Every structure is written in C-alpha cells, then in structure tokens.
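Here is the structure we will look at, set down as structure tokens.
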Amino acid sequence: MDEIMHPSIHPMALKVEVYQKEKVRPCSPTPQSLRNYKLSLLDILISISYTPMVFFYDSSAGGHDYDELKDSLMKTLSVWYPLAGRIKDGTTIECNDEGADFVRANVTNCDLGEFLRHPKLEDIRRLLPLHPYPYPIDPAQPMLAVQVNRFRCGGTAVAFCVWHGLADARAMMGLFNTFAAINRGEGPINPGGVIVDASAIFRPGNLAGPLPMPPSLKNRGKYLSKRFVFGKQDIESLRNNYYHASEHCRRPSRVEALSAFIWAAVIRATLPANPNLKTHLLAIVVNLRNKLNPPFPSECLGNIMQAVAARWESEADGGGRVTPGFLVGRVVEAIDKVTHNYVREMHAEGGYLKALSRVAKAVLHNVDESKILNISSVCNIPYSQVDFGWGKPKWIGMGQTLEDLVFFLDAKDGGIEVLIGLTQEVMCNLDKDMEFNAYVSFSKIFSEPLLSAL
C-alpha cells in the first residue's frame, strides 16, 4: 500500500484565477407548453445541494477550444431545458431559459500532472463554479454551472455543479453524453427521451421542500476522508469468498461484495469509538429506471433512485467479530427486494416518506446507539468515457463533503476507487484494521477535519 501523506504536510494551495463569467442560454427557446417542470418526491427530498464533479483532460489531443465548448453547452441546454430554468416553488422548476453559468479560469501555479499526483478536496473545490452547498437556497441560482480551468501545461479541468434536485448520477451521465457528443460534432444522443414526468409515480403529496437536516446530527465530530483503491482481482476474490450457494441465491456483484466488506470494517472501527452502538444501518442508493414497468429511459432527467437499508444489530448479529461474509447477505437482500411492485407499493399513499421518517426518528431518539453509513456507487456509469473531442479524462474528481458517506467510482484497471468520510477516531481505527488493509492497493488522505464544515 502506498505511503500515506502525513496530515500536517500542506502543499501550496491551488491558485485559480477566474477571468470570465457569463450566462449561457439555450440556442432555441423552450416552448411555452414546457414552461413548468414538475419535481417528483425523490427530486424534492434531495434538492438541497449541487453535485460537484470535475473531469481532467491533458493537452495531448491538441488545444481545448472553450468558445466551442460554450456553443455546445447552448445546444445541450435546448435538449436538457429544465437545467436552464430556475426554482419556481418547492415542487416546480420554471423552464424560463435563464441559462447556465459558464466560467473560465486559469490555474496559475500548477500543472495537471502535479495536481493529479495528490488531489485534495480543498483544491477540487477551488475548481468549481459554485459552492456545492448553498444555504439558504436562492431562487435565482442556476440549475447548472460549468467552469473550465486551464492548467499551465495546457490541460483542462471541466468542473460541473448540477442541481441535485434535477439530476441523479444516471441523469448526469445523459447530460455529459449529450454535451460531449455535440462538442465532438456528432449531435445530441437520444434528444427525445431525456425529459420524463416522474412526479406521476413519485408523487410529492404535501411535501413542498426538502426535509431539514436534524440539528443534532450536524457537526457530530471532526471528519477525515480518504481515497482507497481496490484492485480488480481483490474484488473478485471478495465476491468468490462471500458466495455460498446454500446461503445466497446468487453471486454478489462487485459493488455488493465491496459494500459488505467496507460496512463490516466500518462497524469494527466504530465499536471501540462507540461501545453503546446497538444498530448500524447501511443505506445504499438503487437506480429505479430499470425496475419500473415500463422502464424509464436509462439516462433520463430526474432522481429516479432511492435508498434501501441493510441492518446490523449488535445483540442479534454481534457475538464477536463482524464479518462481511455474514453482512453480504443483508446487502443482497436489501437490493433484491427493489422490484416494480415494491416501488409502486412504497410510493402509494406516502409510504416511502413514512419509512424515511421512521428511520430518522429512530436515529434521532437513539443518537448514541444508532449509526448510518451511506454508500453511493457510480460504478458501471461510464463517466470515464466522456470525451469532448479531447480524449478520455485522466481522472474524475468528486467535490462532495463526506460525512459517514462512501462513494464508489470505477478505476481504470477494472478495480474500484472508494472515497470514505468518517470521524477521525473511526478512520484511525479503520487504518489499523489488518483485514481491511489486506485488500487496499492504494490509500491517500483526501480531506482533513478542517474541511468537514464546508
């Protein structure tokens, strides 16, 4: 495993100088009949932040034309027109063609290669066009902002902030595919199938805004986040180790196997820090597009996904060591229960909202005895293929604050890159876990406690 940089060593802060900022509107006006885009319950529940994502391209494919990129964004917004609108009220986006932000900047003290040797969250944030967590929410804020950052070497970081209330990971892939294809001169991909009415299935009901974060769950400690890479062969080994035909009806996927492995390690790391822990929940985000009948388009706009939970109880499931071989069954079971009928039943008469409220209340009433770890995977979503005509990205950076949150991204060799954010004490215990470290091929600090409040 690579040597971990000591937290006290601070490389020079990235200097990013913005030299132009403008509004980019759709190249053709949105028809009056499409003026109001209804948000679904799943959109509203998550409409509290942007999703920040940065694609890094070297200059080997030649120069990067930012004027051309701006023109391509105008054409993209004509297809993905709600992203050029503004928040009208708690349940509607007004598609008024106000446009997206397009920002140009220079990175004046760093080459791309230097940056990618040890990227940190604070530097990724400096490349973003907006703060990803605006509070309070301004009705004038754009739904999409793009910042192109030119490094000294000629490489580019294309940074996106996409309003989460309009787009989940699959929807963002559709947006990037359209944008990149237009910039390559190939025209939009699936121009007619990206806007759907998910509010008819996931009805907002009386909910007119996102659920507030309970104050007692904020600032629960100083968080540290790290990047880990798990190699393809090690993940295959986990899948084989955890598959027992007599116990599980199918072989776990690589995401399921790695989720159980990390969940078990986090429980083991949490118990010494919190001896009163009785319940540990793993919340996993599941894509619903292919679960519905008829299915939704694979990359349509919206949050066509929801979280399911697997549960570990110390009294019933503890008994000593916490093993991923035991927990993988819980993970597979939680994911497999998500069928068309399950989704329909969960969203009939506010069932999903009631279930979320029950979990939130249980955690609030038992803060010292309950814990939730959230896992969100973008594996098998081909972000690494997003080519604006400059070749494939060298790396993709995520700009989220990580608090009891785990992100999975595809690594180049078929492995998985994992970002994990835990309290300092729990992360310290995880670092000492020999079973966990035996499968880690790479580890670096991604952000230090100072940044957890950002």
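FYI, it's all coordinate maths here, none of it is from the lab. Everything numeric in this text was worked out from a predicted model, so none of it was measured. As a convention, Cβ positions derive from the backbone with ideal geometry for all residues, glycine included, and neighbour counts pool all protein chains shown.
Report summary: the helix-based calculation at 222 nm, which adds -39500 (n - 2.57) for every DSSP H run with n ≥ 4 and divides by the residues of the chain, gives -8000 deg cm²/dmol. Kirkwood hydrodynamic radius for the range 122-205: how many Å is it when counted over pairs of different Cα atoms? Radius from the Kirkwood sum: 15.3 Å. Exceedance of the 25 Å cut-off in Cα-Cα distance is limited, within the set Lys38/Lys75; Lys394/Lys444; Lys222/Lys432; Lys222/Lys354, to Lys222/Lys354. Sorted fewest first by neighbouring Cβ atoms within 10 angstrom, Thr92, Thr270, Thr339 come out as Thr339, Thr92, Thr270. Bridgeable lysines around Lys291 (alpha carbons under 20 Å apart, same-chain partners fewer than 8 residues away excluded): Lys337. For the chain, the Cβ-based charge dipole about the Cα centre amounts to some 400 debye (Lys, Arg positive; Asp, Glu negative; other atoms uncharged).
Listed by chain and number, the lysines placed with their C-alpha closer than 21 angstrom to that of Lys392 are Lys70, Lys232, Lys412; residues fewer than eight positions away on the same chain are left out. Could you work out the longest stretch of the chain that avoids the GluC sites (Glu not before Pro) located in DSSP loops with at most 12 other Cβ atoms within 10 Å? Answer from the scan: 248-454. The charge dipole of the range 223-283, taken about the Cα centre with unit charges on the Cβ atoms of Lys, Arg (+1) and Asp, Glu (-1), comes to about 140 debye, rounded to the nearest 20. Highest mean packing comes first when the peptides 126-136, 169-179 are listed by Cβ atoms within 10 Å, giving 169-179, 126-136. Listed from fewest to most Cβ neighbours within 10 Å, the set Ser259, Ser370 follows the order Ser370, Ser259.
Note on the range 294-442: dipole from Cβ charges, positive end direction compared against Ser441, Ile304, Leu373; the farthest Cα belongs to Ile304.
If you take the beta carbon distance between Gln32 and Glu425 as r and set R0 to 56 Å, what does 1/(1 + (r/R0)^6) give as a FRET efficiency, to the nearest 0.05? Show your work: numbers first, answer last.
Numbers: r = 57 Å, r/R0 = 1.01.
Computed FRET efficiency for Gln32 and Glu425: 0.50.
The aspartates and glutamates within cross-link reach of Lys278, meaning a Cα-to-Cα straight distance under 18 Å and a gap of 8 or more places when in the same chain, are Glu313, Glu315, Asp317, Asp368, Glu369, Asp404. Dipole magnitude for the range 8-50: computed about the Cα centre from +1 point charges on Lys and Arg Cβ and -1 point charges on Asp and Glu Cβ, it is near 180 debye.
Got a sec? How would Phe230, Phe261 order by Cβ neighbour count within 10 Å, fewest to most?
Phe230, Phe261
Normalising the Debye intensity of the range 61-159 to I(0), with uniform scatterers on Cα atoms only, and taking log10 at q = 0.13, 0.17, 0.24 Å⁻¹ returns -0.56, -0.86, -1.23.
Beta bridges from DSSP with both residues in the range 219-453: antiparallel share about 75 percent, rounded to the nearest 5.
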